[in-house]
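Where a number appears in this text, it was derived from the coordinates with a stated rule and is not lab data. A quick note: this is a predicted structure, and the numbers were derived from the prediction, not measured. Methodologically, a virtual Cβ is constructed for each residue, glycine included, from the backbone with ideal geometry; neighbour enumeration extends over all protein chains shown.
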Amino acid sequence: MVFRRTPDPHLSFGHGPRFCLGAQLARVQLRALFAELLRRTSVLELDGSPALLRPNFQRGVERLPLRWAAA
């Protein structure tokens with residue numbers, strides 16, 4: 001399973017001189033997390049409605065309930 005976002009205009013880690021120093025570490029950790037999660041499961045489904053963040057300056061998911069079965 002591959003997660004894609006096209007086009008990809010988000011600025012999750014900032015831009016230019018204010019770019020987040022921990023961005024690469026966060027990306028590596030998320031890749032490892034999803035690789036292990038997908039290795040351990042055969043079914044991954046929503047287990048309720050996602051809750052989105054509502055502030056004007058930041059978009060994202062606040063809560064994403066998931067249900068999975070062991071592989």
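Charge dipole of segment 27-69 (Cα centre as origin; +1 on each Lys and Arg Cβ, -1 on each Asp and Glu Cβ, all else neutral): 160 debye, rounded to the nearest 20.
Computed from backbone phi with θ = phi - 60° and the Karplus coefficients 6.51, -1.76 and 1.60, the 3J(HN,Hα) list for segment 60-68 is x, 9, 8, 8, 9, x, 10, 10, 9 Hz; x is used for glycine and proline.
Here is the list for segment 18-71: chymotrypsin sites (Phe, Trp or Tyr not before Pro) lying in DSSP coil, each with at most 11 other C-beta atoms within 10 angstrom of its C-beta, are Phe19, Phe57.
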